[in-house]
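These notes are about the structure you will find just below.
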Amino acid sequence: MASGDSHTRIVRQLRSGQITIPNRGTIMALAARERLPTLVNIVDDRPWPGAVLRYGPNLSSSPRRAAAQVDRILKGAKPADMPIEQPDKYDFVVDLAVASDVDGDGLVDVVVVVSEALTSSPTTALVLLRGAPSSKMLAAPVTIQTLTGGKSFTRVAAAGDVNGDGYADVLVNEEDSIADTGEVRVRYGGPTGLALGPIVSTFQTPFASRAVELGDLDGDGIGDIAIGSHASIDIVLGSGAGPGSPTSLAACANAILSRTPGDLDGDGIPDLAALSSCGFGVFYGGAKTWSILSKPTGFPSLGSSFAIAGDVDGDGYDDLVSSLGSLAGMLSYGSPTGASDANRVVFSAPHASQGIVAVAGDLDRDGYMDLLLGETENAFNWLYTFVGTPNGPSQETIVSPLDNGAWAEHTIIR
């Protein structure tokens, strides 16, 4: 075979996923070890460890389009006369990694879920990549546990130190697709890695409980946990004996919680943002109260994507960033009275449809937290960075997809 034909065959295999999908666990682990951010073009419920960005057609909409095509055929249309349809709905996802020092060596470790679904016996594994004191950021991956037979790991989140032993702990979702049940379990950090801890929540699928680190809510020096379940938002207080039993914070169903807490009112006690049946708002840990925020006029939604962003404007209070459904994000400034509708700013981008926001950290190291805003428009996608300033977020760069998934960066000169 000529070298040109061989090259063409390999390119086709790469584009079709024949090489990348079966070996995605290895590819993602190597990418994490080499500190390479990755982009994948499949957006589904499977874990893609190390995939910083995911962009691709919405898979749940494909069966509905197929049903529409079948309906046309049953009504007399000839399949040969029907045009081939391309996806018209695309999703954009910014994935967050769980990174903390679980073994107490002073180096950041990363915990990921590796899924191998395209085998005769689909499996998922909980994998630890330890920090390494060398030129590499992470050591070789270590498998903590593997699940199969309909059971799988589906989510991992930081927990803080919930038993006061000085090691960071993590929260892991396990689901049983046969029984349609699931649980959230603590994994205790320690010198040897991650030890099995107690179950802090159980649930019936399809709605899975989501547990997140809350910080030290009760001032005992030990980390606490917040849980969004199908019926309520719960708090689990940590102790020297480990986490206690959940207590209901609010009867707000199907809650999605901010992955990390913050201090929006500057009282030194952690606050938490949540989107639930009660609306989009903030739980203030010191006052033990909820404050519901309203969406600005002219925008379709508020809070479909959100995060406590840290201090974007440098005033000493953490701020809350949220998407507005299209075109824009909203930054609600923290203050002595917390976030409110009266103290916020909308930041926008020129492309439309689904806005997804995330916290990028202090990218330019100027002391202000910076933001990401992802936008989709038909088959095209843009990722914007907004740098924090005393006057609010300011657009700095665009990262845009070109040529079916290739990405290019453009600098905006202000």
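For Gly215, which sequence-distant residues (separation of 5 or more, or a different chain) have an amide H within less than 5 Å of its own amide H, given hydrogens modelled in the peptide plane?
The answer is Asp224.
What ³J(HN,Hα) values, in whole Hz, does the Karplus curve 6.51 cos²θ - 1.76 cosθ + 1.60 give for segment 272-277 when θ = phi - 60°, with x put for Gly and Pro?
9, 9, 8, 10, 8, 5
Calculate the FRET efficiency for Ala251 and Asp71 from the Cβ-Cβ distance with a Förster distance of 51 Å, rounded to the nearest 0.05.
Plugging the Cβ-Cβ distance into 1/(1 + (r/R0)^6) gives 0.75.
Return the long-range amide H neighbours of Gly334 (sequence gap of 5 or more, or a different chain), with a cut-off of under 5 Å between placed amide H atoms.
Asp319, Leu320
With θ set to phi - 60°, apply the Karplus curve 6.51 cos²θ - 1.76 cosθ + 1.60 along segment 174-183 and write out the HN-Hα couplings as whole Hz, x wherever there is a Gly or Pro.
3J(HN,Hα) across segment 174-183, in whole Hz: 10, 10, 10, 6, 7, 8, 6, 10, x, 8.
Would you mind putting 243-252, 223-232 in packing order, based on average other-beta-carbon counts within 10 Å, highest first?
Details: 243-252: 16.3, 223-232: 22.2.
Order by mean packing, descending: 223-232, 243-252.
Given contacts defined as C-alpha pairs under 8 Å and at least six residues apart, what's the relative contact order of segment 175-295, whole-number percent?
Computed over segment 175-295, the figure is 15 percent.
Calculate, in nm to one decimal, what Asp220 and Ser177 gain on full extension: separation in residues at 0.36 nm each, minus their alpha carbon distance. List each step's numbers first, then the result.
Values: separation 43, 0.36 × 43 = 15.48 nm, distance 3.84 nm.
This chain segment gains 11.6 nm when fully extended.
FYI, it's all coordinate maths here, none of it is from the lab. Bear in mind the structure is a predicted one, so any value in this text is a computation, not a measurement. Positions of Cβ are backbone-derived with ideal geometry, glycine not excepted, and every protein chain shown enters the neighbour counts.
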